[in-house]
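For reference, the structure discussed in these notes is given below.
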Amino acid sequence: MAVQLRQLVDVLASVTERRYDKFLIHLAILAPLALVLLGKWQASLESWYVDPDEAPLMGFNDGFSGRAQAWLLDEGYAGDQLVLIVDRHCVCTAATLKKLTAILEEAERPTSMLKVIDVGLYRTGNGMFDAPAILAEIPSTPTLLTMRASVLTYVGPVTSGNFCTTAVNDVMGVSALSWESEATVFDWLNRGCYCDNPIAEPHSTATGEA
């Protein structure tokens, strides 16, 4: 009996040792990747939605409101709508979408009014294709476009601050559903979890009138 017990202990020790070795191998493989992802995430937390130094040159307000509203209506986004522009590869996308959904529920707004557009759908290995021009004018993702009674009332990030939770701006886009104004609020001077829009074009080339 003692011999059998000792053999069982030896077997278990061997299995545990192999599992430990596999764990170390997996850790050695995944650790560099985790560090890269952590670095990207940390960099995103410290990024500006629009670099303040580039803001005077970007032309974000130069007719964007009119073009964006016309595009939204053409796509069938009428009435009260929230249109979230995201990039699935951005480390901020999942947290922002979760936060926005929670805000809608807290505000007793139907989550069905939220539409999500992934700019990644307009990318191929060779670049972009068939992307609506308006998407290329958006500097960063995630970006929220708020429609109130078919009028574009808000353009900008959903959240600002570390971990996408700490600033009052994280409800501004939803609050815009209650605004009765013909002017669009552009909320671009924020720092938080944002990624560069991968299909963005230089905003200094934007033309048109609101």
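A quick yes/no check of all residues on (1) modelled with pLDDT under 85; (2) farther than 19 Å from residue 64 by Cβ:
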| site | (1), (2) |
| --- | --- |
| 145 | no, no |
| 163 | yes, yes |
| 173 | no, no |
| 176 | no, no |
| 179 | yes, no |
| 189 | yes, no |
| 204 | yes, no |
| 210 | yes, no |
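I'd like the full set of residues that are in contact with a Pro (Cβ under 7 Å, 6 or more places away or on another chain) and either surrounded by fewer than 20 Cβ atoms within 10 Å (Cβ to Cβ) or free of Cβ contacts under 8 Å to residues at least 40 places away in the same chain (or both), limited to segment 61-102.
The one that is in contact with a Pro (Cβ under 7 Å, 6 or more places away or on another chain) and either surrounded by fewer than 20 Cβ atoms within 10 Å (Cβ to Cβ) or free of Cβ contacts under 8 Å to residues at least 40 places away in the same chain (or both): 71.
Which condition number in (1) crowded, with 19+ Cβ neighbours inside 10 Å; (2) at pLDDT 85 or above is the one that residue 108 fails?
(1)
The values are calculated or read from the model by the stated rules, or taken from the named source; none is laboratory data. Note that this is a predicted model, so its numbers are computed, not measured. Neighbour counts run over all protein chains shown; Cβ positions are idealised from the backbone, glycine included.
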